[in-house]
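To keep things clear, I will list the structure first and then write my remarks on it.
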Amino acid sequence: MGVGKTFKKFPKTFWVANSIELFERWAWYGFFMLFANYLTGSSELGGLELSQAEEGHIMGIGTAFLYFLPILTGSIADKYGYKKVLFASFIIYTTAFIALPMFDSFWGVFAIFLYLAVGAALFKPVISATIAKTTTDETASIGFGIFYMMVNIGAFIGPMVTLLFKDAGYSFVFYISAGIVALNFILLFFYKEPERVVTIESLGASLKNVFVNIGQVLKDKKFVVFLFIVAGFWTMYNQLF
């Protein structure tokens with residue numbers, strides 16, 4: 001099968017979702033690239049002069065919060081709809097980026113970063129599920145390949161743009177990220193809600209089932225070992241920031 005014919009098999013929502021992912025990663029890595037410098041940098045250069053320990057608490061706990069929450073936010077999306085959750089995510093993203101320069105204390109920045117993490121946690125399971133639901137057994141491999149290519153392109157462009165405007169000040173960098181992620185409000189007009197199974201059970205019951213399923217998965221010792229290995233890699237990777 002030719003590549004062109006394969007591309008034609010993807011619905012419009014697949015391409016919209018990939019474009020959304022591109023802008024979201026661009027905004028995230030554009031901000032995240034310099035966030036540690038912003039927290040610990042000299043006030044003369046626009047930094048907050050927090051300690052390395054305080055910077056570690058903000059970025060470590062906040063990032064852990066971000067990657068744990070999708071376990072729960074995925075259930076919220078299944079219950080209330082992908083498009084609504086994406087809209088809420090972009091509202092949080094945009095307002096968090098705008099609000100970050102308004103706080104200069106440890107607790108203030110910590111609270112805003114946790115708020116930003118909620119927006120990212122709402123986004124992650126929805127966009128991945130959209131890719132899964134807009135591909136088939138025949139197109140899934142190339143579909144997710146395209147998706148992760150968009151992730152990498154966004155992660156490459158974001159820091160490049162950030163470095164171009166670094167001398168304009170950290171606040172300007174945050175506002176650029178707010179503007180980039182806000183472009184996704186336009187793309188949402190072209191986003192069609194994928195088919196999903198709508199359950200009649202309450203959100204509380206759905207979340208309870210999530211933890212029951214986690215318990216079942218963690219009984220697999222080999223999988224738990226695999227999780228520790230992957231967690232070790234990401235722990236080292238995040239030291240880059």
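The values are calculated or read from the model by the stated rules, or taken from the named source; none is laboratory data. Note that the coordinates shown come from a computational prediction; the quantities given were computed from them, not determined experimentally. Neighbour counts are summed over all protein chains in view; Cβ atoms, including those assigned to glycine, are modelled from backbone coordinates with ideal geometry. These area figures cover heavy atoms from the full protein model, side chains too; ligands, DNA and RNA do not enter into them. Shrake-Rupley method; radii C 1.70, N 1.55, O 1.52, S 1.80 Å.
Given only helices, namely DSSP H runs of n ≥ 4 each adding -39500 (n - 2.57), what is the per-residue ellipticity at 222 nm of the chain, to the nearest 500 deg cm²/dmol?
Only helices count here, giving -25500 deg cm²/dmol.
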ask   = How big is D, in µm² s⁻¹, for region 129-180 by Stokes-Einstein at 25 °C and 0.890 mPa s if Rh is the Kirkwood radius over C-alpha pairs?
value = 189
query = How large is the dipole of region 106-241 about the Cα centre if only Lys and Arg carry +1 and Asp and Glu carry -1, each at its Cβ, rounded to the nearest 20 debye?
reply = 320
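How about region 68-123: which chymotrypsin sites (Phe, Trp or Tyr not before Pro) there are in a DSSP loop, with at most 16 other Cβ atoms within 10 Å of their Cβ?
Values: sites: F68, Y80, Y82, F87, F90, Y93, F97, F103, F106, W107, F110, F113, Y115, F123; in loops: F103.
Sites meeting the loop and neighbour criteria: F103.
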query = Which whole number of Å³ per residue matches the convex hull of the alpha-carbon atoms in region 59-135?
reply = 83
query = Stokes-Einstein at 25 °C, 0.890 mPa s, Kirkwood radius from Cα pairs: D for region 147-241 in µm² s⁻¹?
reply = 135
Size of region 17-74 as Cα extents on the principal axes (Å, biggest first) = 41, 24, 10
query = Where only protein heavy atoms count, and the probe is 1.4 Å, what is the accessible area per residue for the chain in Å²?
reply = 54
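Would you work out the relative contact order for region 40-195, in percent, from Cα pairs under 8 angstrom that are 6 or more residues apart?
After rounding, I find 31 percent.
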task = Describe numerically, in nm with one decimal, the distance between label points set 7 Å from Cα along Cα→Cβ at I229 and at Q216.
result = 2.5
inquiry  = Just to confirm the filter: which trypsin sites (Lys or Arg not before Pro) across region 150-241 are DSSP coil and have at most 11 other Cβ within 10 angstrom of their Cβ?
reply    = K219
ask   = Picking from V230, M160, G56, whose Cα lies most toward the positive end of the charge dipole for the chain (charges on Cβ: Lys, Arg +1; Asp, Glu -1)?
value = V230
remark   = In the chain the accessible area split gives carbon plus sulfur, as whole percent at 1.4 Å, a share of 69
inquiry  = Distance between the C-alpha centers of region 126-171 and region 4-45? Whole Å please.
reply    = 5
ask   = (1) 28.7, 94; (2) 19.0, 59; (3) 17.2, 51: which one is Rg and Dmax of the Cα atoms in Å as calculated from this entry?
value = (2)
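Any idea what the dipole of the chain comes to, in debye rounded to 20, about its Cα centre with Lys/Arg Cβ at +1 and Asp/Glu Cβ at -1? Before the final figure, lay out each step's value.
Numbers: 17 positive and 15 negative charges, 211 e Å.
Roughly 1020 debye for the chain.
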key: Most mobile of L163, L100, L218 in a GNM of the chain (Cα contacts under 10 Å)   = L218
